[in-house]
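Student: One structure, pasted below without further comment.
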Amino acid sequence: MGWSVNRPTGLTHHRPGLTTPGYTLLTPHGGDSTWLIDIHGRVVHRWTFQHIRPGYGRLLNNGNLLMTGSDPEQPMRRDADPSAPPPPFEERVKTLGGYHTTLCEVDWDGNVVWEYVNAYQHHDFFRFENGNTMVPVWIELPEEVQRKVRGGRRRQRREKLPRLIGDDLVEVDASGNEVRRIHLWQLMDPVQDPIYPTVRRWEWTHVNGIDINPAGEIVFSARHIDRVGIIGADGELKWKFDQAHGQHQPTWVCPEGEHEPSNVLVFDNGDAGSRVIEIDPATSEIVWSFRGNPSPQFFSGHISGAVQLWSRSVLVCEGTSGRLFEVTRSGEVVWEWINPFLNTNSRGEPTVSIYRTHRYSPDHPALAGRDLDPARYANINRLHSLG
């Protein structure tokens, strides 16, 4: 979907009888704020960051916000000079999409209560009930592994390439001590899981999303190899799916009528049109999907995500255009909100992009006792025509 700086923004569509009530959390790229909006599209709370450049966050049950971001003192990522040789690993990771340095937990008023700093963490995180946290971490692949990896693009035929970058999944405790590390690159096949042909041959897997179910199984998305997979509680790869392209945000969902999450919901970015798909890992069958009609009217070539709500409707983030919408299982869009917060990206261009979004029910414990009156943000709502 293309977008114009002159397009209508804010709440553009709402069917109250079909919409899932709640509050939606979003963090526009290039800005310093995370916003919570009500079902009418009005700002009801704001977190502002100075010590990190915020990337993506979610609310915890205690009302705190867990947010990943990067050091604002470092220059914003810019596209690598195609004529320059690849920089060393420590500098190369700073040029990669999803690069972050800091995962921080802030309270409702924005005070930092916990922080984990790791210059190689990226994209996503998962907070366990015991307070531990898992993050994807970039590593340099061993030489004997990277020689076997197939695929990817070279700028010139004889280009001397650096050591490929792979992924570990690292779990840390509340003190930031590492308690578990999963070498994802040991679970994938360097021949059967090649880098997509148009992707620059700097990374192999490029994990951009993880989710963990109560049984301890990890579902992950590896964008550069077009793979969604499941790692069992024993640390072994138990399922792999290869019918998506450039996908993001795999999440566990309960099949209709079931109470335990066993299916996987994925935002499949695609080439010309995007779709949201639900997959049954037992059969690798796509049991539900949503796409635009015609397909190009729903498209985001990168970032983006989708989450199933408690009503079984799906909240979708069409990331590059800053479009959030709720779609029912029958395929009807019943709520749509267009990002009015115009920021600047790393290339100095205007951007409205949003990595992901989440919605929280009115009785969610994070919101208990909170002042969610949009009148507190009357000036911001009026300035951006939000209700």
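The values are calculated or read from the model by the stated rules, or taken from the named source; none is laboratory data. It should be emphasised that the depicted structure is a prediction, and the values quoted were computed from it without experimental measurement. Reconstructed Cβ throughout: ideal geometry from the backbone, glycine too, with neighbour counts over all protein chains shown. The protein model used for the area step is the full one, side chains on, heavy atoms only, and it has no ligands, DNA or RNA in it. Shrake-Rupley method; radii C 1.70, N 1.55, O 1.52, S 1.80 Å.
Student: If each of residue 287 and residue 183 carries a label point 7 Å out from its Cα toward its Cβ, how far apart are those two points in nm?
Tutor: Taking the simple label geometry, residue 287 and residue 183 are separated by 3.5 nm.
Student: Any idea of the accessible area per residue across the range 247-359, 1.4 Å probe, to the nearest Å²?
Tutor: That works out to 35 Å² for each residue.
Student: Right, something else. Dipole of the chain, Cα-centred, from +1 at each Lys and Arg C-beta and -1 at each Asp and Glu C-beta, to the nearest 20 debye?
Tutor: 1500
Student: Another question, if that's okay. Per residue, what volume in Å³ does the Cα convex hull of the range 4-141 take up?
Tutor: 167
Student: Tally Lys and Arg at +1 and Asp and Glu at -1 over the other residues with C-beta under 15 Å from the C-beta of residue 379: what net charge comes out?
Tutor: Net of charged neighbours comes to +3.
Student: Which is farthest toward the positive dipole end of the chain among 117, 348, 292, measuring Cα position about the Cα centre, with Cβ charges +1 (Lys, Arg) and -1 (Asp, Glu)?
Tutor: 348
Student: On a C-alpha basis, how far is the centre of the range 351-377 from the centre of the range 257-282 in Å? Whole number, if you could?
Tutor: Distance between centres, Cα-based: 25 Å.
Student: Continuing with this model, one more query. Going 7 Å from the Cα of residue 329 toward and past its Cβ, which residues in the range 272-291 have a backbone nitrogen under 15 Å from where you end up?
Tutor: Counting only backbone N, you get 277-280, 287-290.
Student: Another question, if that's okay. Would you work out which of 235, 51, 368 lies farthest towards the positive end of the dipole of the chain? Charges go on Cβ: Lys and Arg +1, Asp and Glu -1.
Tutor: So the residue furthest toward the plus end is 51.
Student: Mind giving me the nanometre distance, one decimal, between the label points for residue 161 and residue 144, set 7 Å out from Cα along Cα→Cβ?
Tutor: Each label point lies 7 Å from its Cα, and together they span 2.0 nm.
Student: Per residue, how much accessible area does the range 111-221 show when a 1.4 Å probe rolls over the protein heavy atoms, in square angstrom?
Tutor: On a per-residue basis, 46 Å².
Student: Same structure, new question: Starting from the Cα gyration tensor of the range 336-379, multiply each eigenvalue by 5, take the square root, and state the resulting semi-axes largest first in whole Å.
Tutor: Over the Cα atoms of the range 336-379, the semi-axes work out to 28, 15, 9 Å.
Student: Report the one residue of 25, 8, 70 whose Cα lies farthest in the direction of the positive end of the charge dipole of the range 1-101 (charges on C-beta: Lys and Arg +1, Asp and Glu -1; origin at the Cα centre).
Tutor: 8
Student: To continue, here is another question. Dimensions of the range 224-281 along principal axes (Cα, Å, largest first)?
Tutor: That gives 34, 29, 14 Å along the principal axes, largest extent first.
Student: Under a crude label model (7 Å from the Cα following the beta-carbon direction), how far is residue 113 from residue 378 in nanometres?
Tutor: Result: 3.1 nm between the two label points.
Student: Another question about this same structure. In percent, how large is the relative contact order of the chain, given Cα pairs closer than 8 Å and 6 or more residues apart?
Tutor: 18
Student: A follow-up question, please. So, with a 1.4 angstrom probe, what is the percent of accessible area on the chain that is carbon and sulfur?
Tutor: 47
Student: One-quarter of the Cα convex hull surface for the range 189-313, in nm²? Provide the component values of the computation, followed by the final result.
Tutor: Values: hull surface 32.7 nm².
Averaged projected area of the range 189-313's Cα convex hull equals 8.2 nm².
Student: Taking just the C-alpha trace of the range 242-387, give me its Rg and Dmax in Å.
Tutor: Cα radius of gyration and Dmax of the range 242-387 are 16.9, 52 Å respectively.
Student: Note the direction-averaged projected area, equal to a quarter of the hull surface, for the Cα convex hull of the chain, in nm².
Tutor: 19.1
Student: From the phi angles alone, apply the Karplus equation (6.51, -1.76, 1.60; θ = phi - 60°) to the range 226-232 and give each ³J(HN,Hα) in whole Hz, x where the residue is Gly or Pro.
Tutor: Each residue of the range 226-232 in turn: 6, 10, 10, x, 10, 9, x Hz.
Student: Okay, next question. Any idea what Rg and Dmax come out to for the range 88-213 if you just take the C-alpha atoms, in Å?
Tutor: Here Rg and the maximum Cα pair distance are 16.2, 54 Å.
Student: Write down, largest first, the equivalent ellipsoid semi-axes of the range 121-183 in whole Å, where each equals the square root of 5 times an eigenvalue of the alpha-carbon gyration tensor.
Tutor: Gyration-tensor ellipsoid for the range 121-183: 32, 11, 9 Å.
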